[in-house]
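Visitor: Take this structure, written in structure tokens, and hold onto it; I'll ask about it next.
The values are calculated or read from the model by the stated rules, or taken from the named source; none is laboratory data. Worth saying up front: this structure is predicted, and the values here are computed from it rather than measured. We place every Cβ from the backbone using ideal geometry, glycine too, and count neighbours over all the protein chains shown. Heads up: the accessible areas ignore ligands, DNA and RNA and are worked out on the full protein's heavy atoms, side chains in. Shrake-Rupley method; radii C 1.70, N 1.55, O 1.52, S 1.80 Å.
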Amino acid sequence: VDPTVSAIRLTANPKTLVADGINTATITIQLFDQDNQLITDELVKLSSSLGTIDAPVFNHAEKVYRAQFISPLVIGDAIISAETEDGKIATSKISLIQRKVSISKSIVSMVLWKNGGCKMAAGKTTSF
């Protein structure tokens, strides 16, 4: 009897990313048959409601499929879906958050001109 997929384990690490178009998460997919044995020769279709995912790559040593999720510039929840050829589906969520700004690490500075205008300049400080 050929093994058929009875369960999918889909995980994302990390589960929270800054929505900056740069940060990535590793998507890991494991397929199990009716005897809870790993299946290694199935086609897995990945999709995401936000962001992008590269094609899954099979790792023979660990018997898992892996792909990289790239965060979008949109804040919200990305729902990652993995679907097998026979229609089994699993989902996982990645929370996409806004970058936190640190007042203690942020510097805003400007140079005042005689005519009342100002120009931003790095490393210069002024007070009004």
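Visitor: Only one residue in 82, 55, 67 is outside any strand (DSSP E or B) and small (Gly, Ala, Ser), so which one is that?
Guide: Exactly one residue qualifies, and that residue is 55.
Visitor: Hey, among 19, 25, 7, which residue is open to solvent by less than 50 Å² (accessible area, probe 1.4 Å), touching a strand residue (DSSP E or B) at 6+ places or on another chain (Cβ under 7 Å), farther than 26 Å from residue 99 by Cβ and of a type in the set (Gly, Ala, Ser)?
Guide: 7
Visitor: Taking only segment 36-52 into account, find how many residues are closer than 19 Å to residue 85 by Cβ and in a loop (DSSP other than H, G, I, E, B).
Guide: Final tally of qualifying residues: 5.
Visitor: What are the residues in segment 1-35 that are at pLDDT 95 or above, assigned to a loop (DSSP other than H, G, I, E, B) and under 16 Å from residue 90 (Cβ atoms), if any?
Guide: 15
Visitor: Mind checking which pairs have a first residue in segment 46-73 that is under 17 Å from residue 20 (Cα atoms) and without any contact (Cβ under 8 Å) to a residue 40 or more places away in the chain and a second that is of a type in the set (Gly, Ala, Ser) and surrounded by fewer than 13 Cβ atoms within 10 Å (Cβ to Cβ), Cβ under 8 Å, 6 or more apart or different chains?
Guide: Pairs found: 53/47.
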